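Presented below is the structure to which this report refers.
Coordinate-derived values only; no laboratory data. These numbers come from a predicted model, not from an experiment. Cβ placement follows ideal geometry from the backbone for every residue including glycine, while neighbour counts extend to all protein chains displayed.
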Amino acid sequence: MPVNAELAGRSYPASPPYLVGREKVREFARAVFATSPLNLDPDAARAAGYPDVVAPPTFAVVVQEHTLAQLLGDPDAGIDFARVVHGDQRFTFTRPIVAGDELTATLTVASVKSLGGHSMVTAESAIVDAAGAHVVTAISTLVVRGDE
Amino acid sequence: MSAAPQKSSLTVGEVIAEHDYHLTRDTLVRYAGASGDFNPIHYRDDVATSVGLEGVLAHGMLTMGLAVQPVVDWLGGDSGKVLDYQVRFTRPVLVDADAGADVHVVAKVGLLDDDGARIDLTVSFNGETVLGKAQVRVALA
């Protein structure tokens, strides 16, 4: 089952709102060895000008994940999950995610390329807050191995 | 927590932070729960070997997540100063059930520009780099 070459440019519906919880941020921070008080202590975060604890940079993947599930679950995309390897990852921020944010993400397939029998699918998930303002874009390149 | 560094005090190539992380299977289970990534290749040897891997691997996103932390600490703990962060996953981090895995992170100034700096990360395990083009753009005054 090859990757659909016409996938480039396709967008998926916005993911359901994800409410960023303070304890989830702390749990994620501990899991990635973050030790900054801004990630853990609301008072320290407020003193630094944030409304609540600040999520570590890679926390955006938790929200992005819901959009990648849409792409991988789309039978017309032709992406066999068992053959997918995470090639690269990028986060481009307008501002950091903070506890209390209600985020939605919209995935667009930026490109589909063939390389040595493999397909490289680059997916950009734009994550916005409840006011619709951009927070971060999470970009993943998935390498889909061809038939061996 | 120290104050954020000044751009004028930095030189390209300078090491600004360095840190060692010891990963165990517990670390991987903790990250699985925190991130929602429950792919069993990150906690079950039988599943990992059945798909041709040597054993249980760390989540690539865990490696990415911890590798930026020395930079965040250097920024005075303010991860909001991270403008952009990218990595390429080039080699797996195999986490032995008994010995775990040691990951070493070195952060250097790669570039200075109007917005701040680009910090380049060298992330290694068993003497080999596991991330390629690992770059953090940070805002500095």
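For the reader, a short list of remarks on this structure follows.
- Computed helical MRE - 222 nm, chain B, DSSP H runs ≥ 4 contributing -39500 (n - 2.57), nearest 500: -6000 deg cm²/dmol
- Span from the the stretch A:91-131 Cα centroid across to the the stretch A:36-50 one, whole angstrom: 26
- Using alpha-carbon coordinates, inclination of helix B:25-35 to the longest axis of chain B, degrees: 70
- With distances taken between every two different alpha-carbon atoms, chain B has a Kirkwood hydrodynamic radius of 15.9 Å.
- Degrees separating the helix A:22-31 axis from the principal Cα axis of chain A, which is the longest one: 70
- Angle in degrees between helix A:60-72 and the longest Cα principal axis of chain A, rounded to the nearest 10: 20
- Whole-angstrom gap from the stretch B:4-83 to the stretch B:88-125, using each part's C-alpha centre: 8
- Net charge of neighbours whose Cβ lies under 9 Å from the Cβ of A:Ala130, counting Lys and Arg as +1 and Asp and Glu as -1: -3
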